[in-house]
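The values are calculated or read from the model by the stated rules, or taken from the named source; none is laboratory data. All figures in this text were calculated on a predicted structure; none of them were measured in a lab. Neighbour counts run over all protein chains shown; Cβ positions are idealised from the backbone, glycine included.
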Amino acid sequence: MNGKGSKPRPTNIIKYIQNFDEIKWKNNMKIAEIFGPTIQGEGFSSGVPCVFIRFAGCNLHCGMKGLFEEGKATWKCDTEKIWTQGTEYTNEQLFQKLKDMKVLDDITKGKLRIVVTGGEPLIKSNRDSLNSFIDYLKKELQDKFYFIYWELETNGTIDNDLYDRFYQINCSPKLSNSGLSESLRINGAAIERINKHRNSWFKFVVNNESDVKEIIEKFVVPFNINLDKVIFMPDSDSVTTIAEKTRNVWELSVKYGVRMCTRLHILCFNKQAGI
């Protein structure tokens with residue numbers, strides 16, 4: 001999304017990511033993109049109509065900085081070009097944006113869900129403004145607010161009580177196939193808090209059976225995650241590989257008795273963003 005206040009993709013992506021959390025925006029929020037009505041393309045809610053609000057910034061760099069090219073990662077973040085830029089919004093401006101998109105009525109009738117995603121929506125530079133926007137909507141919409149179905153998409157590395165404000169948590173913990181060290185991608189306190197949420201799901205990018213064993217050894221067993229809450233997803237960001245990789249995940253899901261999903265947006269639109 002380009003517009004007033006947006007920034008070009010930085011040349012030193014890692015330095016940008018490391019410094020992102022300390023940036024103080026002039027207005028309330030830094031939003032990478034807003035789009036909808038659309039369909040949730042992956043996870044437990046695959047196929048459900050929704051509106052996406054993508055916050056800028058992330059605390060991880062999955063597959064980037066040469067990790068994928070050097071073979072240290074089997075996949076790389078496919079939204080990096082989007083969440084490293086954005087437009088500043090106040091609460092009032094974001095509320096007006098939803099009005100202009102003509103989606104607010106369907107949101108308050110429960111016909112469209114709001115999916116808050118990133119990057120990582122809960123990094124320091126995002127979470128206070130996100131909390132403020134939820135409060136703002138509650139004040140503006142009054143009783144209609146309680147019909148909004150909120151989904152949060154997070155990497156599960158930040159322990160924060162903001163999880164409790166969402167009806168559904170779509171947690172995507174990162175495995176070693178992301179190329180990142182455990183110290184960066186596993187936060188036990190955050191995983192435990194998410195696991196206790198009344199409606200939380202753990203979606204893992206899976207390439208082979210060793211990834212499945214890692215899921216069990218590093219997440220399911222130590223954090224007592226019920227396998228009914230686990231979802232396998234293929235590590236594909238291209239229509240040329242999605243079918244084969246989905247079949248691989250299908251076979252692993254059958255073998256381990258675990259829910260799976262594919263990536264509907266990749267299947268339908270390949271690498272196109274904002275759909």
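Before moving on, here are some points about what is shown:
- Here ILE216 passes the criteria (1) of a type outside the set (D, E, K, R); (2) out of contact with any Asp or Glu (no Cβ under 7 Å at 6 or more places or on another chain); (3) surrounded by 17 or more Cβ atoms within 10 Å (Cβ to Cβ) except the one numbered (3).
Here is a yes/no grid of residues against (1) closer than 18 Å to CYS77 by Cα; (2) touching a residue at least 40 places away in the same chain (Cβ under 8 Å):
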site: PHE219; (1), (2): no, yes
site: PRO222; (1), (2): no, no
site: ASN226; (1), (2): no, no
site: THR240; (1), (2): yes, no
site: LYS245; (1), (2): yes, no
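- Screening ARG259 with (1) surrounded by 19 or more Cβ atoms within 10 Å (Cβ to Cβ); (2) farther than 23 Å from ARG54 by Cα; (3) touching a residue at least 60 places away in the same chain (Cβ under 8 Å) gives one miss only, at (1).
- Considering (1) surrounded by fewer than 19 Cβ atoms within 10 Å (Cβ to Cβ); (2) out of contact with any Cys (no Cβ under 6 Å at 6 or more places or on another chain), the lone condition that THR74 does not fulfil carries the number (1).
- Test set (1) touching a residue at least 60 places away in the same chain (Cβ under 8 Å); (2) more than 30 Å from ASP211 (Cα to Cα); (3) not aliphatic (A, V, I, L, M) - TYR146 fails condition number: (1)
- Annotation: LYS213 fulfils all but one of (1) more than 23 Å from ASN59 (Cα to Cα); (2) part of a loop (DSSP other than H, G, I, E, B); the unmet one is (2).
- Residue check for PHE202: over 19 Å from ASN131 (Cβ atoms) and aromatic (Phe, Trp, Tyr): yes
- Residue list for segment 74-117, restricted to those being under 20 Å from the mean Cα position of the chain (by Cα) and of a type in the set (Lys, Arg): LYS76, LYS81, ARG113
- Test: residue in segment 196-205 that is under 24 Å from TRP250 (Cα atoms), touching an Asp or Glu at 6+ places or on another chain (Cβ under 7 Å) and either of a type in the set (A, V, I, L, M) or without any contact (Cβ under 8 Å) to a residue 24 or more places away in the chain (or both): yes
- Scanning segment 219-244 for residues that are surrounded by 12 or more Cβ atoms within 10 Å (Cβ to Cβ) and within 20 Å of LYS196 (Cβ to Cβ) turns up PHE219, VAL220, PRO222, PHE223, ILE225, LEU227, LYS229, VAL230, ILE231.
- Filter result (at pLDDT below 85 and either in contact with a helix residue (DSSP H, G or I) (Cβ under 7 Å, 6 or more places away or on another chain) or surrounded by fewer than 19 Cβ atoms within 10 Å (Cβ to Cβ) (or both)) within segment 77-91: ASP78, THR79, GLU80, LYS81, THR84
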